[in-house]
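Report on the following structure.
The values are calculated or read from the model by the stated rules, or taken from the named source; none is laboratory data. Source: prediction; values computed, not measured. Cβ placement follows ideal geometry from the backbone for every residue including glycine, while neighbour counts extend to all protein chains displayed. The area values use the complete protein model at the heavy-atom level, side chains included, leaving out ligands, DNA and RNA. Shrake-Rupley method; radii C 1.70, N 1.55, O 1.52, S 1.80 Å.
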Amino acid sequence: IHQLFEETVEINKDRIAVVYEGKQITYDEINKRSNQLAYYLRKRKIGSDVLVSISMLRSIELIIGILGILKSGGAYVPLDSDYPEKRLNYMLEDSEADMLLTTKECRKKFNDFKGKLVIFGEKFFGEDLHDREGRQLNISQYSDKNLNISTPSESLAYIIYTSGSTGEPKGVGGSSRALAHHIWCMQDLYSLSDNSNVLQKASCGFDVSIWEIFA
């Protein structure tokens, strides 16, 4: 799916990819920033079928984080920061994710997490990221070029948890191949073109968000 995105970047470099509350970012810039994050994640041993949780408020950084995880070969596990702390920590523990990408605002819900931690600060992505001990992560030192990684199409792209209305929430995984076919189907169903805009209205922890983000 990330390679399909990179193909889209090549023909839409200067077009706006994401808009949020007065901020906007082009396809070229979001691609470069997610590449830098992906190189960092690779250095931290993130690769095919390795799970990375992500819990952030709605933002451009959330989309960069998801793309960076996919570009590294890993699979993302979205945790809606509005969920109760007990539910979030259950999903984090149950998924056995190797790393958590979060923000200063959301980190307080994950004080018991002992794994790898990347904290997005208040400045725009790449300038203010820290580890658990508060040391700055110089993501900008990494290449912004596309990674030459061959990820099997059957490898995991994401795991999203069910509501848990019939018991404990259960993680449901989707492959990169399935995600690509789903996006193509939705593009055809809604007759989407290069000039279409898609509203990303659903919580990142709800499966509807997947096609809204990538369509």
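Some values worked out for this structure:
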| read-out | value |
| --- | --- |
| DSSP-defined beta bridges in the chain - what % are antiparallel, rounded to 5 | 45 |
| Accessible area expressed per residue, segment 64-215, with surrounding protein chains retained (probe 1.4 Å, Å²) | 53 |
| Label-point separation in nm, Asn111 to Trp184, each point 7 Å along Cα→Cβ | 4.9 |
| Qualifying trypsin sites (Lys or Arg not before Pro) in segment 13-86, DSSP loop, other Cβ atoms within 10 Å at most 12 | Lys45 |
| Anisotropy class of segment 1-71 from Cα gyration tensor, a/c 1.5 cut | oblate |
| Exposed-site-free run, longest, the chain (rule: GluC sites (Glu not before Pro); DSSP loop; at most 12 other C-beta within 10 Å) | 22-95 |
| Projected area, mean over directions - segment 21-60, Cα convex hull, nm² | 3.7 |
| Viscosity 1.567 mPa s, 4 °C: Kirkwood-radius Stokes-Einstein D of segment 1-156 over Cα pairs, µm²/s | 82 |
| Shape category assigned to segment 74-215 from the gyration tensor of Cα positions, a/c cut at 1.5 | oblate |
| Overall dimensions of segment 73-115 by Cα: Rg and Dmax, Å | 9.9, 29 |
| Percent accessible area from carbon and sulfur atoms, segment 1-99, protein chains only, probe 1.4 Å | 45 |
